[in-house]
Amino acid sequence: MRIDLHTHSTASDGTDTPEELVRNAAAARLDVVALTDHDTVGGHARALAALPPGLTLVTGAELSCRLAGTSLHLLAYLFDPDEPELARERELVRDDRVPRARAMVAKLRELGVPVTWERVAEIAGDGAVGRPHIATALVELGVVATVSDAFTPEWLANGGRAYAEKHELDPFDAIRLVKAAGGVTVFAHPLAVKRGECVPESAVAELASAGLDGLEVDHMDHDPATRARLRGLAAELGLLTTGSSDYHGSRKACGLGEYTTDPEIYGEIVRRATGAFPVPGTGG
(Lines give C-alpha, C1' and ligand atoms only; values in the text may rest on other atoms or scores of the structure.)
Protein backbone atom coordinates (compact mmCIF):
# COMPACT_ATOMS: atom_id res chain seq x y z
CA MET A 1 0.00 0.00 0.00
CA ARG A 2 1.10 3.56 -0.79
CA ILE A 3 -0.25 5.98 1.80
CA ASP A 4 0.18 9.77 1.80
CA LEU A 5 -1.29 11.41 4.92
CA HIS A 6 -0.73 15.14 4.33
CA THR A 7 -2.04 17.03 1.29
CA HIS A 8 -3.68 20.37 0.52
CA SER A 9 -6.25 21.56 -2.00
CA THR A 10 -7.66 24.91 -3.07
CA ALA A 11 -9.83 24.76 0.05
CA SER A 12 -6.72 26.15 1.75
CA ASP A 13 -3.42 26.84 -0.02
CA GLY A 14 -2.98 24.06 -2.58
CA THR A 15 -3.34 24.56 -6.32
CA ASP A 16 -5.38 21.39 -7.05
CA THR A 17 -9.11 21.49 -6.50
CA PRO A 18 -10.31 18.70 -4.20
CA GLU A 19 -11.51 16.81 -7.29
CA GLU A 20 -8.16 17.22 -9.03
CA LEU A 21 -6.29 16.19 -5.90
CA VAL A 22 -7.99 12.80 -5.59
CA ARG A 23 -7.65 12.17 -9.32
CA ASN A 24 -3.97 13.05 -9.17
CA ALA A 25 -3.52 10.85 -6.10
CA ALA A 26 -4.97 7.90 -8.02
CA ALA A 27 -2.71 8.71 -10.99
CA ALA A 28 0.26 8.72 -8.60
CA ARG A 29 -0.73 5.14 -7.67
CA LEU A 30 -1.63 5.98 -4.11
CA ASP A 31 -3.92 3.62 -2.25
CA VAL A 32 -4.75 6.08 0.55
CA VAL A 33 -4.61 9.88 0.64
CA ALA A 34 -5.48 12.27 3.48
CA LEU A 35 -6.90 15.70 2.67
CA THR A 36 -5.60 17.96 5.45
CA ASP A 37 -6.29 21.55 4.47
CA HIS A 38 -5.36 24.28 6.92
CA ASP A 39 -8.00 24.71 9.62
CA THR A 40 -10.84 23.70 7.30
CA VAL A 41 -12.80 20.66 6.19
CA GLY A 42 -14.29 22.60 3.29
CA GLY A 43 -12.80 20.37 0.59
CA HIS A 44 -13.90 17.02 1.99
CA ALA A 45 -17.33 16.75 0.37
CA ARG A 46 -15.99 17.57 -3.08
CA ALA A 47 -13.09 15.13 -2.72
CA LEU A 48 -15.46 12.38 -1.58
CA ALA A 49 -17.83 13.00 -4.47
CA ALA A 50 -14.98 12.65 -6.97
CA LEU A 51 -13.12 9.80 -5.26
CA PRO A 52 -11.88 7.32 -7.89
CA PRO A 53 -12.24 3.57 -7.40
CA GLY A 54 -9.22 2.04 -5.71
CA LEU A 55 -8.37 5.17 -3.70
CA THR A 56 -9.34 5.62 -0.04
CA LEU A 57 -9.78 9.10 1.43
CA VAL A 58 -8.83 9.95 4.99
CA THR A 59 -10.52 13.16 6.12
CA GLY A 60 -8.50 15.54 8.24
CA ALA A 61 -7.15 19.04 8.77
CA GLU A 62 -3.88 20.75 9.64
CA LEU A 63 -4.51 22.84 12.74
CA SER A 64 -2.58 26.06 13.39
CA CYS A 65 -1.19 26.10 16.93
CA ARG A 66 1.23 28.15 19.02
CA LEU A 67 3.20 27.12 22.09
CA ALA A 68 5.16 29.69 24.10
CA GLY A 69 5.44 31.95 21.07
CA THR A 70 6.44 29.22 18.63
CA SER A 71 4.11 28.16 15.80
CA LEU A 72 3.45 24.48 15.22
CA HIS A 73 0.97 22.49 13.16
CA LEU A 74 -1.03 19.47 14.23
CA LEU A 75 -2.42 17.04 11.69
CA ALA A 76 -5.82 15.87 12.88
CA TYR A 77 -7.27 12.75 11.29
CA LEU A 78 -10.71 11.16 11.21
CA PHE A 79 -12.42 13.48 13.69
CA ASP A 80 -16.12 14.32 13.70
CA PRO A 81 -16.24 17.57 11.67
CA ASP A 82 -19.50 18.60 13.34
CA GLU A 83 -18.20 18.45 16.92
CA PRO A 84 -19.09 22.02 17.98
CA GLU A 85 -16.12 23.07 20.10
CA LEU A 86 -13.50 22.01 17.57
CA ALA A 87 -15.56 23.48 14.73
CA ARG A 88 -15.76 26.80 16.59
CA GLU A 89 -11.99 26.94 17.08
CA ARG A 90 -11.34 26.19 13.40
CA GLU A 91 -13.67 29.03 12.49
CA LEU A 92 -11.82 31.46 14.77
CA VAL A 93 -8.52 30.59 13.09
CA ARG A 94 -10.00 30.93 9.59
CA ASP A 95 -11.63 34.27 10.42
CA ASP A 96 -8.25 35.68 11.45
CA ARG A 97 -6.54 34.69 8.20
CA VAL A 98 -7.68 37.71 6.15
CA PRO A 99 -6.59 40.44 8.59
CA ARG A 100 -3.33 38.57 9.13
CA ALA A 101 -2.64 38.31 5.40
CA ARG A 102 -3.52 41.99 4.94
CA ALA A 103 -1.03 42.87 7.68
CA MET A 104 1.74 40.91 5.93
CA VAL A 105 0.96 42.61 2.62
CA ALA A 106 1.19 45.98 4.39
CA LYS A 107 4.57 45.05 5.88
CA LEU A 108 5.86 43.98 2.47
CA ARG A 109 4.78 47.27 0.94
CA GLU A 110 6.62 49.09 3.74
CA LEU A 111 9.69 47.09 2.70
CA GLY A 112 9.31 48.37 -0.85
CA VAL A 113 7.66 45.29 -2.38
CA PRO A 114 4.82 46.33 -4.75
CA VAL A 115 2.54 43.46 -3.78
CA THR A 116 -1.18 44.18 -3.59
CA TRP A 117 -3.92 42.70 -1.46
CA GLU A 118 -6.11 42.40 -4.54
CA ARG A 119 -3.60 40.09 -6.23
CA VAL A 120 -3.10 37.96 -3.10
CA ALA A 121 -6.87 37.58 -2.73
CA GLU A 122 -7.13 36.63 -6.41
CA ILE A 123 -4.47 33.95 -5.98
CA ALA A 124 -6.23 32.57 -2.90
CA GLY A 125 -9.60 32.43 -4.67
CA ASP A 126 -12.10 30.57 -2.50
CA GLY A 127 -9.34 29.03 -0.37
CA ALA A 128 -8.32 30.04 3.16
CA VAL A 129 -5.79 32.78 2.43
CA GLY A 130 -2.33 32.21 3.89
CA ARG A 131 1.37 32.77 3.48
CA PRO A 132 1.75 30.51 0.42
CA HIS A 133 -0.60 32.80 -1.51
CA ILE A 134 1.51 35.82 -0.56
CA ALA A 135 4.64 33.86 -1.44
CA THR A 136 3.18 33.10 -4.87
CA ALA A 137 2.66 36.83 -5.40
CA LEU A 138 6.31 37.42 -4.48
CA VAL A 139 7.38 34.82 -7.05
CA GLU A 140 5.27 36.58 -9.70
CA LEU A 141 6.98 39.87 -8.86
CA GLY A 142 10.45 38.30 -9.10
CA VAL A 143 11.21 39.04 -5.45
CA VAL A 144 12.00 35.36 -4.81
CA ALA A 145 12.56 32.45 -7.17
CA THR A 146 10.26 29.93 -5.49
CA VAL A 147 7.52 29.82 -2.89
CA SER A 148 9.90 28.11 -0.46
CA ASP A 149 12.37 30.98 -0.86
CA ALA A 150 9.77 33.33 0.59
CA PHE A 151 9.73 31.40 3.87
CA THR A 152 12.93 32.94 5.22
CA PRO A 153 13.59 35.51 7.97
CA GLU A 154 13.99 38.10 5.22
CA TRP A 155 10.35 37.65 4.23
CA LEU A 156 7.59 35.38 5.59
CA ALA A 157 9.19 32.89 7.98
CA ASN A 158 8.01 32.84 11.58
CA GLY A 159 9.39 36.04 13.07
CA GLY A 160 10.49 37.30 9.64
CA ARG A 161 10.41 40.92 8.50
CA ALA A 162 6.95 40.59 6.93
CA TYR A 163 5.52 38.04 9.35
CA ALA A 164 2.29 38.72 11.23
CA GLU A 165 0.72 36.54 13.88
CA LYS A 166 -2.79 35.11 13.77
CA HIS A 167 -5.14 33.40 16.15
CA GLU A 168 -3.76 29.94 16.83
CA LEU A 169 -4.79 27.12 19.11
CA ASP A 170 -2.89 26.05 22.17
CA PRO A 171 -1.65 22.60 21.09
CA PHE A 172 -2.70 21.00 24.36
CA ASP A 173 -6.22 22.32 23.80
CA ALA A 174 -6.07 21.15 20.18
CA ILE A 175 -5.14 17.61 21.20
CA ARG A 176 -7.97 17.58 23.74
CA LEU A 177 -10.50 18.89 21.20
CA VAL A 178 -9.49 16.45 18.48
CA LYS A 179 -9.64 13.53 20.88
CA ALA A 180 -13.07 14.66 22.09
CA ALA A 181 -14.14 14.64 18.43
CA GLY A 182 -12.86 11.08 18.02
CA GLY A 183 -9.74 12.01 16.05
CA VAL A 184 -6.02 11.25 16.02
CA THR A 185 -3.22 13.85 16.19
CA VAL A 186 0.21 13.88 14.55
CA PHE A 187 2.75 16.71 14.95
CA ALA A 188 3.43 17.97 11.41
CA HIS A 189 7.07 18.50 10.29
CA PRO A 190 8.21 19.06 13.91
CA LEU A 191 11.85 19.85 13.07
CA ALA A 192 11.44 21.85 9.85
CA VAL A 193 14.04 24.37 11.00
CA LYS A 194 14.13 26.30 7.75
CA ARG A 195 10.54 27.37 8.44
CA GLY A 196 11.57 29.09 11.65
CA GLU A 197 11.91 28.24 15.32
CA CYS A 198 10.84 24.74 16.35
CA VAL A 199 9.52 23.61 19.72
CA PRO A 200 12.08 21.76 21.90
CA GLU A 201 12.03 18.03 22.43
CA SER A 202 10.94 18.61 26.03
CA ALA A 203 7.72 20.19 24.68
CA VAL A 204 7.17 17.20 22.38
CA ALA A 205 7.39 14.96 25.45
CA GLU A 206 4.76 17.10 27.19
CA LEU A 207 2.49 16.89 24.14
CA ALA A 208 2.94 13.11 24.11
CA SER A 209 1.91 12.97 27.76
CA ALA A 210 -1.18 15.02 26.84
CA GLY A 211 -2.24 12.47 24.23
CA LEU A 212 -0.36 13.30 21.02
CA ASP A 213 -0.44 10.19 18.83
CA GLY A 214 2.49 10.65 16.47
CA LEU A 215 5.24 12.59 14.72
CA GLU A 216 5.49 13.27 11.00
CA VAL A 217 9.03 12.04 10.35
CA ASP A 218 9.46 11.47 6.61
CA HIS A 219 8.92 14.95 5.15
CA MET A 220 10.65 17.08 2.55
CA ASP A 221 11.84 19.54 5.22
CA HIS A 222 13.62 16.84 7.28
CA ASP A 223 17.07 15.68 6.20
CA PRO A 224 18.19 12.08 6.93
CA ALA A 225 19.84 13.00 10.24
CA THR A 226 16.68 14.80 11.39
CA ARG A 227 14.52 11.82 10.46
CA ALA A 228 16.76 9.51 12.44
CA ARG A 229 16.58 11.86 15.42
CA LEU A 230 12.79 11.99 15.23
CA ARG A 231 12.47 8.21 14.96
CA GLY A 232 14.52 7.88 18.13
CA LEU A 233 12.39 10.47 19.90
CA ALA A 234 9.18 8.77 18.78
CA ALA A 235 10.43 5.41 20.02
CA GLU A 236 11.38 6.94 23.36
CA LEU A 237 7.96 8.57 23.77
CA GLY A 238 5.87 5.73 22.34
CA LEU A 239 4.63 7.79 19.38
CA LEU A 240 3.62 6.67 15.90
CA THR A 241 5.77 7.84 12.97
CA THR A 242 4.27 8.93 9.67
CA GLY A 243 5.53 10.05 6.28
CA SER A 244 3.80 12.28 3.77
CA SER A 245 4.33 14.69 0.92
CA ASP A 246 2.71 17.86 2.33
CA TYR A 247 1.54 18.23 -1.27
CA HIS A 248 0.42 21.69 -2.39
CA GLY A 249 0.14 21.06 -6.14
CA SER A 250 2.39 23.34 -8.20
CA ARG A 251 3.02 25.60 -5.20
CA LYS A 252 5.70 23.26 -3.79
CA ALA A 253 8.19 20.90 -5.36
CA CYS A 254 7.16 17.74 -3.50
CA GLY A 255 4.92 15.36 -5.46
CA LEU A 256 2.12 13.13 -4.21
CA GLY A 257 3.49 9.97 -2.65
CA GLU A 258 7.07 11.25 -2.50
CA TYR A 259 7.02 10.29 1.19
CA THR A 260 4.61 7.70 2.56
CA THR A 261 3.35 6.10 5.77
CA ASP A 262 3.84 2.46 6.72
CA PRO A 263 0.59 0.49 6.35
CA GLU A 264 0.82 -0.80 9.93
CA ILE A 265 1.03 2.78 11.24
CA TYR A 266 -1.93 3.75 9.08
CA GLY A 267 -3.87 0.79 10.45
CA GLU A 268 -3.18 1.94 13.99
CA ILE A 269 -4.37 5.49 13.21
CA VAL A 270 -7.61 4.05 11.83
CA ARG A 271 -7.98 1.77 14.85
CA ARG A 272 -7.66 4.71 17.26
CA ALA A 273 -10.14 6.95 15.43
CA THR A 274 -13.81 6.96 16.40
CA GLY A 275 -15.04 10.25 14.91
CA ALA A 276 -14.93 9.26 11.25
CA PHE A 277 -13.69 6.43 9.07
CA PRO A 278 -11.68 6.22 5.83
CA VAL A 279 -13.87 6.21 2.74
CA PRO A 280 -13.02 3.89 -0.17
CA GLY A 281 -13.68 5.23 -3.65
CA THR A 282 -16.38 3.61 -5.73
CA GLY A 283 -16.10 5.74 -8.82
CA GLY A 284 -17.34 9.28 -8.23
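The values are calculated or read from the model by the stated rules, or taken from the named source; none is laboratory data. Predicted, not measured: the structure shown is a model, and the values here were computed from it. A quick note on method: Cβ atoms are made from the backbone with ideal geometry, for glycine too, and the neighbour counts reach across all protein chains shown. With ligands, DNA and RNA removed, areas are computed over all heavy atoms of the protein, side chains included. Shrake-Rupley method; radii C 1.70, N 1.55, O 1.52, S 1.80 Å.
For segment 110-209, take N as its residue count and report Rg(C-alpha) divided by 2.2 N^0.38 Å.
Values: Rg = 16.5 Å, N = 100, 2.2 N^0.38 = 12.7 Å.
For segment 110-209, the normalised Cα radius of gyration is 1.30.
Report the Cα-based extents of segment 199-284 along its three principal axes, largest first, to the nearest Å.
Its Cα atoms span 45, 34, 20 Å along the three principal axes.
Of all beta bridges DSSP finds with both residues in segment 1-140, what is the antiparallel percent, to the nearest 5?
50 percent
Just to confirm the number: angle between the C-alpha axis of helix 171-180 and the first principal axis of the chain, 0 to 90 degrees, nearest 10?
40 degrees
Would you tally the net charge around ALA180, using a Cβ to Cβ cut-off of less than 15 Å, leaving ALA180 out, and scoring K and R as +1, D and E as -1?
Values: positive: ARG88, ARG90, ARG176, LYS179, ARG272; negative: ASP80, ASP82, GLU83, GLU85, GLU89, ASP170, ASP173, ASP213.
Charge balance in the 15 Å sphere: -3.
Using +1 at the Cβ of each Lys and Arg and -1 at the Cβ of each Asp and Glu in the chain, identify which of VAL120, GLY183, THR70 lies farthest towards the dipole's positive end.
About the Cα centre, the residue reaching furthest to the positive side is VAL120.
How far is the Cα center of segment 235-261 from the Cα center of segment 136-168, in Å?
22 Å
What do the square roots of 5 times the Cα gyration tensor eigenvalues come to for segment 242-284, in whole Å, largest first, as semi-axes of the equivalent ellipsoid? Intermediate results must be reported in sequence, preceding the final value.
Details: eigenvalues 107, 49, 18 Å².
Those come to 23, 16, 10 Å.
How are the Cα pair distances of segment 1-59 distributed, in percent, across 10 Å bins from 0?
28, 62, 10
Work out how far the C-alpha atoms of segment 13-153 reach from end to end along every principal axis, then list the three figures in whole Å, largest first.
Largest to smallest, the principal-axis extents are 50, 36, 25 Å.
Which of the peptides 76-86, 248-258, 30-40, 12-22 is most tightly packed, and how do the rest follow, judged by the mean count of other Cβ atoms within 10 Å per residue?
Working: 76-86: 19.6, 248-258: 17.5, 30-40: 25.0, 12-22: 23.5.
In decreasing order of mean packing, 76-86, 248-258, 30-40, 12-22 become 30-40, 12-22, 76-86, 248-258.
Could you tally up the Lys pairs in the chain with alpha carbons closer than 23 Å? Skip any pair fewer than 8 positions apart unless they're on separate chains. Could the numbers behind the result be given before it?
Details: LYS107/LYS166; LYS107/LYS194; LYS166/LYS194; LYS166/LYS252; LYS194/LYS252.
Final tally of qualifying lysine pairs is 5.
I want the antiparallel fraction of DSSP beta bridges within the chain, as a percent rounded to 5.
Values: 14 of 30 bridges.
Around 45 percent antiparallel, to the nearest 5.
Treating only the Cβ atoms of Lys and Arg (+1) and Asp and Glu (-1) as charged, compute the dipole magnitude of segment 1-131 about its Cα centre; round to the nearest 20 debye. Before the final figure, lay out each step's value.
On the way: 15 positive and 21 negative charges, 101 e Å.
In total the dipole reaches around 480 debye.
Note down the relative contact order for the chain as a percent, whole number, built from C-alpha pairs under 8 angstrom at least six residues apart.
Working: 621 pairs, mean separation 76.2, N = 284.
For the chain, the relative contact order is 27 percent.
On average, how much accessible surface per residue is there in segment 224-277, in Å², for a 1.4 Å probe, leaving out ligands, DNA and RNA? Show your work: numbers first, answer last.
Numbers: 2600 Å² over 54 residues.
Here the per-residue accessible area is 48 Å².
Report, in whole Å, the centroid distance computed from the Cα atoms of segment 77-134 and segment 189-213.
Cα centres, segment 77-134 to segment 189-213: 24 Å.
Sorted from largest down, what three extents in whole angstroms do the Cα atoms of the chain have along their principal axes?
Extents along the principal axes: 52, 45, 39 Å.
Kindly provide the helix-only [θ] at 222 nm of the chain, computed as the sum of -39,500 (n - 2.57) over DSSP H runs of four or more divided by all residues, to the nearest 500 deg cm²/dmol? List each step's numbers first, then the result.
Numbers: 10 runs with 103 residues, N = 284.
About -11000 deg cm²/dmol.
Rounded to the nearest 20 Debye, what is the dipole magnitude of the chain about its Cα centre when Lys and Arg each give +1 and Asp and Glu each give -1 at the C-beta?
Numbers: 28 positive and 42 negative charges, 76 e Å.
My answer is approximately 360 debye.
Given Cα pairs under 8 Å that are at least 6 residues apart, what percent is the relative contact order of segment 199-246?
Numbers: 41 pairs, mean separation 23.0, N = 48.
Worked out over segment 199-246, it gives 48 percent.
Just to confirm the number: angle between the C-alpha axis of helix 18-27 and the first principal axis of the chain, 0 to 90 degrees, nearest 10?
Around 60 degrees separate the two axes.
Any chance you could give the angle, 0 to 90 degrees and rounded to 10, that helix 224-237 forms with the longest Cα principal axis of the chain?
50 degrees
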